Every structure is written in C-alpha cells, then in structure tokens.
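Chemist: Handing you this structure, nothing more for now.
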Protein chains: 2
Amino acid sequence: MPAAPVVYLAGPEVFLPDAVEVGRRKVEVCARHGLAGWYPLDADVGGAEGPAGAWALFDAMLAMLDRCDAVIANLTPFRGPSADVGTVWELGYAAGRGLPVFGYTAAMDHYGARVTPDGLMVEDFGLADNLMLEGAVRRAGGAVVRVDGGGDPLVRMRHLAGFEVCVAEAATRLLGLG
Amino acid sequence: MPAAPVVYLAGPEVFLPDAVEVGRRKVEVCARHGLAGWYPLDADVGGAEGPAGAWALFDAMLAMLDRCDAVIANLTPFRGPSADVGTVWELGYAAGRGLPVFGYTAAMDHYGARVTPDGLMVEDFGLADNLMLEGAVRRAGGAVVRVDGGGDPLVRMRHLAGFEVCVAEAATRLLGLG
C-alpha cells in the first residue's frame, strides 16, 4: 500500500492551552479519510532553545511544508478581523510551491463586517477574508468553507466541522476519489 | 542595457486614501536603485467589476508575483497586532517560489508587546511579528527592518525609511552590488 498523502495542518489552534489534544483530533480526522495529517507542534526542533530555538522551529516547519502534498488552513479570525498571519504565510508558501490548498473558518460573516472604520479602504468583495487567501483556495478548485462556530474566539478556533469538509475535499483531490 | 530586476511592492498602503501617490514614491525609490518597482494597484484587471472583478484582480496580482524577481513587504501592523494578511500571503507565496523576500515595519516594538492577553499562548521570540514572517526574511539573508514611524497607524503605514533600507538590500542582492 502506498504511503498516505501528507496534509500540513496550518492554524492558530497551536496557541490554545489544549493545542496537543486539538492536533490529535485533527490527525484522527485525516486518518479516517486516508490522509496523514502533519501538525506543526510535531515539528522536531532538536531541543534547541532561545533565539536558536526559534530558527530551528522555523526550519522544522519549513521542512514539513516542503515535504507535504497539500495544506489545510484554519482561517478563523485571530486577534483581529483576519486570520493568523503565520497560517496565512504557510498558505501562501504552499500556493507558491504549486500545492493544492484548502481553507475553513468558524466565522460566518464576511471580512468587511468585522472591520472597525479606520480611515482605510475596506476590501468589500463579500469574502471571508482578504482576496489573496480566498483566491488561493479558489484557484486550487475549492472555496473557503464557512461554518458557524459561535462567538467565543477560543471555542470556535477548535471547531472542526469546517475542517472535516476540507479533509474530505483534500482526500478526493489527493486520492482521486469522488 | 538589460531590463531592471523587478521588485513586487507588497503592503497595506494600497488601502490608504492616497494609495496611488504612496505607490508612485515607492516606485521612484526603486528606480533610484536601478530596480523596477511593481505596485499592486497597477494590476491590469481588464475593466472587470463585481465578483468577476475580484478574481480578475487576484489573477492579475498573481501574474505580477509570478513574474517578479523579489518581494519587499510592508509588515507594519494592520488592524491588529500583526501585519496585513494579504501582504503576508504574498510574502509566503514568493518564498514558496524561492524568491528573495525583504520586509520592514514602522513599529519598533516586538509582537508580544502588542498582544492583549486572550487566553492563547503568545509567541515570545522578541520578533517583529510571527516567526514565519521573520524567518522567511532571515532565510533570504536579511532581517525585518524596524524603524520608528510614530504611533499614528495611517501615518506610519506610509513611512518609507524602512522601505528604503530594503530597496538598497534588494539592489545589492539583485544587481550584485556592494
């Protein structure tokens, strides 16, 4: 049996107090669909600490991104009206490598509805977030999956309904199903 | 004389009321260093409007990113403690393509100092923003340039001192100077 295609699981849930448990559940969902989920917290930093530890972590996550077959990104708003920039950087990196990318959010509203007027133009395309994020997912053949994860930022960040839709889409794409 | 290397000018200043003028000044700085600056507002969307216009804009910006030689990103905080996600996506995309990337911010403080406690772990590496952003710039051989652009979000977003440092670095790298 060939090795399962690898999906990198990008998202700010790595910053939750129960980040390890959330990751375990995401990897389980992937396994049920025949995919190997790689969670950033599993990155091997070789015990490095301090500033050297930061760069070792970056290198380890980049090595995972360079070896995966697709990226599924949790684009739920994080510390503001938009997604987590680390997650977004990884989404862009994967797109630049030509990989299929998938995205979901637990916020149903569109980006413009979340912005407090600040004297700057608000991108008003009715999209879940900035055009580049949704455009990248659309270019890969899908759309950003929006589900209602409620109003609590910490609760909705670990909401997995949208993630499950993305995993099913990724399995169809990577395993040639459907 | 060979054509000047092309630098894509990523940043949220495209949302300023005087976005066109800011872009004109950035392109001028590039020209002084022998580089061709491409500003996202110059993207050719062929007159498309509405939803089709959004995708045409995405495609046009992607075409620019696919043809440039480097990206300089304005990572000044935007609508929260982090950089603009559109800019960050472009930085990631360029890194995924293997291009040299440069970044600057008009905020001197580090990311952790800007985050309001929210029950989530704060990445505390003393970096200007999320590790992936600074790691990408560092991997290209540089560092995120921090200059003090003051406290007004709109004023500091058009601050060009950090940008000028990045352009000089990009010229050294792309033209083999220095």
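The values are calculated or read from the model by the stated rules, or taken from the named source; none is laboratory data. Values in this document were obtained by computation on a predicted structure and should not be read as measured data. All Cβ positions, even for glycine, are placed from backbone atoms using ideal geometry, and neighbour counts span all protein chains on display. Just so you know, the surface numbers come from the protein's heavy atoms only, side chains and all, with ligands and any DNA or RNA stripped out. Shrake-Rupley method; radii C 1.70, N 1.55, O 1.52, S 1.80 Å.
Chemist: For the subset of the range B:132-153 comprising residues that are surrounded by fewer than 20 Cβ atoms within 10 Å (Cβ to Cβ) and closer than 19 Å to A:GLY80 by Cβ, which member is nearest to the chain's Cα centre (by Cα)?
Modeler: B:PRO153
Chemist: May I ask you to list pairs of residues, at least six apart or on different chains, whose Cβ atoms are under 9 Å apart, with the first in the range B:75-98 being on the phi > 0 side of the Ramachandran plot and the second being part of a loop (DSSP other than H, G, I, E, B) and polar (S, T, N, Q)?
Modeler: Cβ pairs passing all conditions: B:ARG79/A:SER82; B:ARG79/A:THR116; B:GLY80/A:SER82.
Chemist: Quick one: B:GLU134 ticks every box in (1) closer than 16 Å to B:VAL147 by Cα; (2) part of a loop (DSSP other than H, G, I, E, B); (3) free of Cβ contacts under 8 Å to residues at least 60 places away in the same chain except a single one, so which number is it?
Modeler: (2) is the only condition that B:GLU134 fails.
Chemist: Scan the range B:123-142 for residues that are among the aliphatic types (A, V, I, L, M) and modelled with pLDDT of 95 or more and jot them down. I'd like the intermediate steps shown before the answer.
Modeler: Start the filter on the range B:123-142 by keeping residues that are among the aliphatic types (A, V, I, L, M), which leaves B:127-128, B:131-133, B:136-137, B:140.
Correct list: B:LEU127, B:ALA128, B:LEU131, B:MET132, B:LEU133, B:ALA136, B:VAL137.
Chemist: With (1) open to solvent by 20 Å² or more (accessible area, probe 1.4 Å); (2) facing chain B (nearest Cβ under 7 Å); (3) touching a Gly at 6+ places or on another chain (Cβ under 6 Å) as the list, and A:PHE125 as the residue in question, which single condition is left unmet?
Modeler: (3)
Chemist: Collect the residues in the range B:144-153 that are part of a loop (DSSP other than H, G, I, E, B) and either modelled with pLDDT under 95 or away from every other protein chain (no Cβ under 13 Å) (or both), keeping them in residue-number order.
Modeler: Here is the first cut: in the range B:144-153, the ones part of a loop (DSSP other than H, G, I, E, B) are B:144, B:147-152.
Passing the criteria: B:VAL147, B:ASP148, B:GLY149, B:GLY150, B:GLY151, B:ASP152.
Chemist: Could you please find all residues in the range B:27-83 being closer than 23 Å to B:LEU154 by Cα and aromatic (Phe, Trp, Tyr)?
Modeler: Scanning the range B:27-83 gives B:TRP38, B:TYR39, B:PHE78.
Chemist: Can you tell me which residue is nearest to B:PHE125 (Cα to Cα) among those in the range A:34-52 that are out of contact with any Cys (no Cβ under 7 Å at 6 or more places or on another chain) and aliphatic (A, V, I, L, M)?
Modeler: Taking the range A:34-52 first, the residues out of contact with any Cys (no Cβ under 7 Å at 6 or more places or on another chain) are A:34-35, A:39-52.
Now narrow it down to the ones that are aliphatic (A, V, I, L, M): A:35, A:41, A:43, A:45, A:48, A:52.
Details: A:LEU35: 33, A:LEU41: 16, A:ALA43: 17, A:VAL45: 15, A:ALA48: 13, A:ALA52: 10 Å.
Residue satisfying both the conditions and the ranking: A:ALA52.
Chemist: Inspect all residues belonging to the range A:154-166 and state whether any of them is open to solvent by 50 Å² or more (accessible area, probe 1.4 Å), over 23 Å from A:TRP89 (Cβ atoms) and assigned to a loop (DSSP other than H, G, I, E, B).
Modeler: no
Chemist: Can you go through B:TYR8, B:TYR93, B:TYR39 and tell me which one is within 19 Å of A:TRP89 (Cα to Cα), aromatic (Phe, Trp, Tyr) and more than 11 Å from every other protein chain (Cβ to nearest Cβ)?
Modeler: On the way: B:TYR93 fails: more than 11 Å from every other protein chain (Cβ to nearest Cβ); B:TYR39 fails: within 19 Å of A:TRP89 (Cα to Cα).
That would be B:TYR8, the only listed residue that is within 19 Å of A:TRP89 (Cα to Cα), aromatic (Phe, Trp, Tyr) and more than 11 Å from every other protein chain (Cβ to nearest Cβ).
Chemist: Taking the conditions exactly as written (open to solvent by less than 20 Å² (accessible area, probe 1.4 Å) and outside any strand (DSSP E or B)), does B:THR116 satisfy them or not?
Modeler: no
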